[in-house]
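A.B. asks: The following block contains the structure, expressed as structure tokens.
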Amino acid sequence: MQTWDAILVGGGHNGLVTAAYLARAGQKVLVLEARDSVGGAAVTDEPWPGFRVSTAAYVVSLFRPEIVRDLELGRHGYQLLPRNPSSFTPFPDGRSLTMGSDADLNRREVSKFSSRDADRLPAYEAMLERIAQVIEPTLVETPADPFSGRPRDLFRLARTGWRFLRLGKDGPRALEILAGPARAILDRWFESDQLKATLATDAIIGAMASPSTPGTAYVLFHHVMGECNGARGVWGYVKGGMGSLSEALASAARAAGAEIRTGTRVAKVHVREGRAVGVILEDGAELPARRVVSNADATVTLLGLVGAEHLPEDVAEAVRAIDYSSASLKINLALSELPSFTAVPGHTPGPQHRGTIHICPSVEYIERAYDDARAGRPSASPVLECTIPSAVDPTVAPPGQHVMQMFVQYAPYRLANGSWDERGEAFADRCVELVEEAAPGFRRSILGREVLTPLDLERRFGLTGGNIFQGAMGLSQLNFMRPIPGWADYRTPVQGLYMCGAATHPGGGVMGACGLNAAREILRDVRRRR
């Protein structure tokens, strides 16, 4: 029987990145994906004829440019379409706020609400940019364990500390952004609630947290840290939908020699005498490997595929304690026409349709929505982030028709009453109603609707608790604490078993950094063994 150098469990985008890098280094690689298509949550489906929907993940900015270059993804069909402007927020009083990479546009738009805020916005963004330049390099580095005592970790800590020292007066601000609440920072910088509400959505996306929750400020600088075709701070759509990125990664991995099998579910990681020696498929077949790499989260990997009996008790307890708190729900829609907003009327594609449409009029609105979720209730007035990729990429919908994707906060995984199987459609009705209030006539334009509750996200994509980041992104679960303390270097207590998904540093989002970092550590072990 053939023995593989590495078997990847799961063909999500991080797993495909790892597979491609290992194959390029001469490793014999096999990727096993349970679903019929690769990509994990970065997929394109066609729920209605002619409508290509990014079912889960839907925009890109943080995907590492070095991966695009190394794997020559453009040659494999990857094309990123920038969004300009980046956001549009309509308000109940008929006004709106449009923002993007154009500083003059931002000044004009913010001045409608506060000339003081318009003056301060460039300095705020420059401050975030300076801090992002310190944080960004850590995304593609293996976290240093400050308690290991190993020289390599001490060197990494010293390097990170030196970067922070170079921030000077921005150092305390950086620490506040890493650990503090977003609301305190926004309140200090700005007075306009319209601007603060628009910016605050960046801090809560995918989290069971409000802008007042410590740690939410960490995500604020993501909108200046990424890039789209070399333009900093710009987010884009993948042409053809998010699945086109995954298909490009799969193509690059195959070109390097990796084999990918879809529709193949792994039942167990085969562990013998404390070492992973392959996998056992659902049909009972055994596939031997020198190394096994899991793209799944820590709970699925270590407690499910491996089993607590193969783990030290303290490790099993740490995995059981991982926070998967989640409050995200996704709604995908097929539309006969673009929405016409009261604030900016018109069904012809315009700036109000290209970026993220925020249905979120104030910071207090977000706080009230979170209070509902904390009590185990779907938010009575949820926060909506709506995108219409067909306004930029006509290939994803039939001529004259459109795709809308709603990312919704807050929809708590655990409900105090009832289940999501019973309440999902009614909650989606409420979300549609909120858009209808901002764009009268929107409801009648809906040709098809797909609702993905937190339970659906868990069932379809294997995301424990429906958490899109494979674990909450609070301070206690970042960097050397991710996925659990002592095991943040992509290795596990089972020899020969690695993790490469969003459960590892630097966490969730379509970055590819977890897969890149894991591949580097695996290849280091290959060289050491030789």
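The values are calculated or read from the model by the stated rules, or taken from the named source; none is laboratory data. The shown structure was predicted, so the numbers you read here are calculated from the model rather than taken from an experiment. Don't worry about glycine lacking a Cβ; one is built from the backbone with ideal geometry, like all the others, and counts go over all protein chains shown. For the accessible areas, the whole protein counts, side chains as well, though only heavy atoms, and no ligand, DNA or RNA atoms are used. Shrake-Rupley method; radii C 1.70, N 1.55, O 1.52, S 1.80 Å.
A.B. asks: Is one or more of the residues making up the stretch 30-45 hydroxyl-bearing (Ser, Thr, Tyr), closer than 29 Å to Cys386 by Cβ and outside any loop (DSSP other than H, G, I, E, B)? Step through it out loud before you land on a result.
C.D. replies: Of all residues in the stretch 30-45, those hydroxyl-bearing (Ser, Thr, Tyr) come to 37, 44.
Subset that is closer than 29 Å to Cys386 by Cβ: 37, 44.
So of that shortlist, the ones also outside any loop (DSSP other than H, G, I, E, B) come out as 44.
Looking for residues that are hydroxyl-bearing (Ser, Thr, Tyr), closer than 29 Å to Cys386 by Cβ and outside any loop (DSSP other than H, G, I, E, B), one finds at least one in the stretch 30-45, hence yes.
A.B. asks: Identify, from the list Ile366, Ile359, the residue that is closer than 28 Å to Asp187 by Cβ, among the hydrophobic types (A, V, I, L, M, F, W, C) and in contact with a Leu (Cβ under 6 Å, 6 or more places away or on another chain). Write out each step before concluding.
C.D. replies: On the way: Ile366 fails: in contact with a Leu (Cβ under 6 Å, 6 or more places away or on another chain).
Only one candidate passes the filter, namely Ile359.
A.B. asks: Which residues, taken from the stretch 489-525, are among the aliphatic types (A, V, I, L, M) and open to solvent by 10 Å² or more (accessible area, probe 1.4 Å)? Full working, then the answer.
C.D. replies: Pass one, the stretch 489-525, residues among the aliphatic types (A, V, I, L, M): 494, 497, 499, 502-503, 510-511, 513, 516, 518-519, 522-523.
Ala502, Val510, Leu516, Leu523, listed by residue number.
A.B. asks: Scanning the stretch 381-391 for residues that are under 18 Å from the mean Cα position of the chain (by Cα) and not hydrophobic (A, V, I, L, M, F, W, C), which turns out nearest to Pro82 (Cα to Cα)?
C.D. replies: Pro389
A.B. asks: Still on this structure, I have one more. Which is among the small types (Gly, Ala, Ser), under 21 Å from Leu384 (Cβ atoms) and touching a Cys at 6+ places or on another chain (Cβ under 9 Å), of Ser96, Ser87, Ser61, Ser54? Outline the logic, then answer.
C.D. replies: On the way: Ser96 fails: touching a Cys at 6+ places or on another chain (Cβ under 9 Å); Ser87 fails: touching a Cys at 6+ places or on another chain (Cβ under 9 Å); Ser54 fails: touching a Cys at 6+ places or on another chain (Cβ under 9 Å).
Unique residue meeting the criteria: Ser61.
A.B. asks: Glu191: of a type in the set (Asp, Glu) and open to solvent by 70 Å² or more (accessible area, probe 1.4 Å), yes or no? Explain how you work it out, then say what you get.
C.D. replies: Working: of a type in the set (Asp, Glu): yes; open to solvent by 70 Å² or more (accessible area, probe 1.4 Å): yes.
So Glu191 passes the test.
A.B. asks: Does Ala248 meet the test of being over 27 Å from Asn332 (Cα atoms) and not acidic (Asp, Glu)? Before the answer, list the steps.
C.D. replies: Values: over 27 Å from Asn332 (Cα atoms): no; not acidic (Asp, Glu): yes.
When the stated conditions are applied, Ala248 does not pass them.
A.B. asks: Here's a follow-up. Are any residues in the stretch 324-364 under 23 Å from Pro412 (Cβ atoms) and part of a loop (DSSP other than H, G, I, E, B), and if so, which ones? Steps first, please.
C.D. replies: Of all residues in the stretch 324-364, those under 23 Å from Pro412 (Cβ atoms) come to 324-333, 356, 358-364.
Within the stretch 324-364, Tyr324, Ser325, Ser326, Ala327, Cys360, Pro361, Ser362 meet the criteria.
A.B. asks: Among the listed residues Leu16, Leu62, identify the single one that is under 23 Å from Gln470 (Cα atoms) and touching a Ser or Thr at 6+ places or on another chain (Cβ under 8 Å). It would help to see each step written out before you state the result.
C.D. replies: Working: Leu62 fails: touching a Ser or Thr at 6+ places or on another chain (Cβ under 8 Å).
The conditions single out Leu16.
A.B. asks: Which residues, counting only those in the stretch 56-71, are β-branched (Val, Ile, Thr), assigned to a loop (DSSP other than H, G, I, E, B) and modelled with pLDDT of 95 or more?
C.D. replies: Initially, the stretch 56-71 is screened for residues β-branched (Val, Ile, Thr), giving 59-60, 67-68.
Add one more test, that the residue is assigned to a loop (DSSP other than H, G, I, E, B), and what stays is 59.
Matches in the stretch 56-71: none.
A.B. asks: Test Leu523 against the stated conditions and say whether it is farther than 22 Å from Leu62 by Cβ, out of contact with any Leu (no Cβ under 6 Å at 6 or more places or on another chain) and touching a residue at least 12 places away in the same chain (Cβ under 8 Å).
C.D. replies: The answer is yes for Leu523.
A.B. asks: Output the residue which, of all residues in the stretch 107-133 that are surrounded by fewer than 18 Cβ atoms within 10 Å (Cβ to Cβ) and under 21 Å from the mean Cα position of the chain (by Cα), is nearest to Pro90 (Cα to Cα).
C.D. replies: Within the stretch 107-133, the match that is nearest to Pro90 (Cα to Cα) is Glu129.
A.B. asks: Same structure, new question: Could you name every one of the helices (runs of 4 or more DSSP H) located completely within the stretch 82-174 that has at least 2 residues being closer than 24 Å to Glu364 by Cβ and without any contact (Cβ under 8 Å) to a residue 40 or more places away in the chain? Lay out the reasoning, then the answer.
C.D. replies: Details: elements: 103-111, 115-135, 151-165.
Helices (runs of 4 or more DSSP H) meeting the threshold: 103-111, 115-135.
A.B. asks: When the residues of the stretch 392-425 are filtered to those that are without any contact (Cβ under 8 Å) to a residue 40 or more places away in the chain and under 26 Å from the mean Cα position of the chain (by Cα), which remaining residue is least open to solvent (accessible area, probe 1.4 Å)?
C.D. replies: Narrowing the stretch 392-425 to residues without any contact (Cβ under 8 Å) to a residue 40 or more places away in the chain: 394, 399, 414-415, 418-422, 425.
Among the residues that remain, those that are also under 26 Å from the mean Cα position of the chain (by Cα) are: 394, 414-415, 419-421, 425.
Values: Pro394: 96, Arg414: 186, Leu415: 34, Ser419: 39, Trp420: 7, Asp421: 102, Glu425: 102 Å².
Here the residue is Trp420.
Okay, residues lined up against (1) touching a residue at least 24 places away in the same chain (Cβ under 8 Å); (2) at negative phi; (3) open to solvent by less than 60 Å² (accessible area, probe 1.4 Å):
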position	(1), (2), (3)
Glu313	no, yes, no
Leu335	yes, yes, yes
Gly346	no, no, yes
Gly376	yes, no, yes
Thr387	yes, yes, yes
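A.B. asks: Within the stretch 175-187, take every residue that is open to solvent by less than 50 Å² (accessible area, probe 1.4 Å) and assigned to a helix (DSSP H, G or I) and give me the one that is nearest to Asp489 (Cα to Cα).
C.D. replies: At the first step, the residues of the stretch 175-187 found to be open to solvent by less than 50 Å² (accessible area, probe 1.4 Å) are 177-182, 184-186.
Of the ones still in play, those that are also assigned to a helix (DSSP H, G or I) are 177-179, 182, 184-186.
Values: Ile177: 24, Leu178: 21, Ala179: 22, Ala182: 29, Ala184: 33, Ile185: 32, Leu186: 34 Å.
It comes out as Leu178.
A.B. asks: Still on this structure, I have one more. Quick one: how many residues across the stretch 194-206 are closer than 15 Å to Ala327 by Cα and open to solvent by less than 30 Å² (accessible area, probe 1.4 Å)?
C.D. replies: Looking only at that region, the number is 4.
A.B. asks: Now for a different question. Tell me which residues, restricted to the stretch 487-511, are touching a helix residue (DSSP H, G or I) at 6+ places or on another chain (Cβ under 8 Å), part of a loop (DSSP other than H, G, I, E, B) and more than 18 Å from Gly462 (Cα to Cα). Before the answer, list the steps.
C.D. replies: First pass over the stretch 487-511, keeping only residues touching a helix residue (DSSP H, G or I) at 6+ places or on another chain (Cβ under 8 Å): 487-494, 497-507, 509-511.
With the extra rule that they be part of a loop (DSSP other than H, G, I, E, B), the set shrinks to 487-490, 492-494, 500-507, 509-511.
Listed by number, the residues that qualify are Trp487, Ala488, Asp489, Tyr490, Thr492, Pro493, Val494, His505, Pro506, Met511.
A.B. asks: For the stretch 449-474, name all the residues that are open to solvent by 20 Å² or more (accessible area, probe 1.4 Å), of a type in the set (Gly, Ala, Ser) and in a helix (DSSP H, G or I).
C.D. replies: none
A.B. asks: Can you tell me which residues in the stretch 256-285 are open to solvent by 40 Å² or more (accessible area, probe 1.4 Å), in contact (Cβ under 8 Å) with a residue 40 or more places away in the chain and within 17 Å of Asp5 (Cα to Cα)?
C.D. replies: Listed by number, the residues that qualify are Gly257, Glu259, Arg261, Arg275.
A.B. asks: With more than 16 Å from the chain's Cα centre (by Cα) and modelled with pLDDT of 95 or more as the only criterion, which of Ala503, Ala518 stands out? Can you show your working first?
C.D. replies: Details: Ala503 fails: more than 16 Å from the chain's Cα centre (by Cα).
Every option except Ala518 fails the conditions.
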